[in-house]
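Data first, discussion second: the structure below is written as structure tokens.
The values are calculated or read from the model by the stated rules, or taken from the named source; none is laboratory data. What you see is a predicted model, and the numbers here were worked out from it, not measured in a lab. With ideal geometry, Cβ positions are generated from the backbone for all residues, glycine too; neighbour counts draw on all protein chains shown. Note: accessible area is taken over every heavy atom of the protein model, side chains too, but ligands, DNA and RNA are not part of it. Shrake-Rupley method; radii C 1.70, N 1.55, O 1.52, S 1.80 Å.
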Amino acid sequence: MEHLEVAVAQLWSRYWFARCLLETGLLACLFYALSGPAFDGLRPGFAEEPLRAYRVAVTEAARETASILDAGPARLAVMRVERLKRDYIDRNIKLAMPK
């Protein structure tokens, strides 16, 4: 029994990064599934809006990624520059604007 515990401990510590990625991916899939219309009546009220926003963000990211990959490598470079520009504007310029 002691050998089994040592083997499990070694595997646990050796593959911690892969295990963390797997767990994160499983949680992301679970949250995406729970945000679907099949669970509309089962979700608590406080989780309704964040899960819907998560589903919209994942769907938009998947759509944008698919369109970029279909466009080819030159379009991919242009889209990356556009993304950096939008991030810069969001972080720096919009914060400096009076409200």
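Considering only the other residues whose Cβ falls under 13 Å of the Cβ of GLU48, what net charge follows from Lys and Arg at +1 and Asp and Glu at -1? Taking every Cβ under 13 Å from that of GLU48, the sum is +1. Just checking the listed ones, ALA71, ALA53, ALA62: in the Gaussian network model of the chain with Cα springs under 10 Å, the one fluctuating most is ALA71. 3J(HN,Hα) along the stretch 18-26, derived from phi through the Karplus expression 6.51 cos²θ - 1.76 cosθ + 1.60 where θ = phi - 60°, amounts to 5, 5, 5, 5, 5, 5, 5, x, 5 Hz, with x in place of Gly and Pro. Solvent-accessible surface (1.4 Å probe) assigned to SER67 amounts to roughly 70 Å².
Can you give the net charge of the other residues whose Cβ lies under 13 Å from the Cβ of LEU76, counting K and R as +1 and D and E as -1?
On the way: positive: ARG75, ARG80, ARG83; negative: GLU64, ASP70, GLU82.
So the environment of LEU76 carries a net charge of 0.
Karplus-based coupling profile of the stretch 31-47, in residue order and whole Hz: 5, 5, 5, 5, 7, x, x, 5, 9, 4, x, 9, 6, x, x, 5, 9, with θ = phi - 60° in 6.51 cos²θ - 1.76 cosθ + 1.60 and x standing for Gly or Pro. Per-residue SASA remark: ARG55, around 70 Å² accessible (1.4 Å probe; ligands, DNA and RNA not included). For the pair the stretch 45-62 / the stretch 12-29, the C-alpha centres are spaced 22 Å from each other.
Calculated from the structure at hand, log10 I(q)/I(0) by the Debye sum over Cα atoms at q = 0.11, 0.16, 0.23 Å⁻¹ is found among (1) -0.66, -0.97, -1.09; (2) -0.47, -0.78, -1.19; (3) -0.48, -0.94, -1.34 as (1).
Rounded to the nearest 0.05, what FRET efficiency is calculated for ALA7 and ALA33 with R0 set to 25 Å and r the Cβ-Cβ distance? Intermediate results must be reported in sequence, preceding the final value.
Working: r = 33 Å, r/R0 = 1.34.
With R0 = 25 Å, the Cβ-Cβ based efficiency is 0.15.
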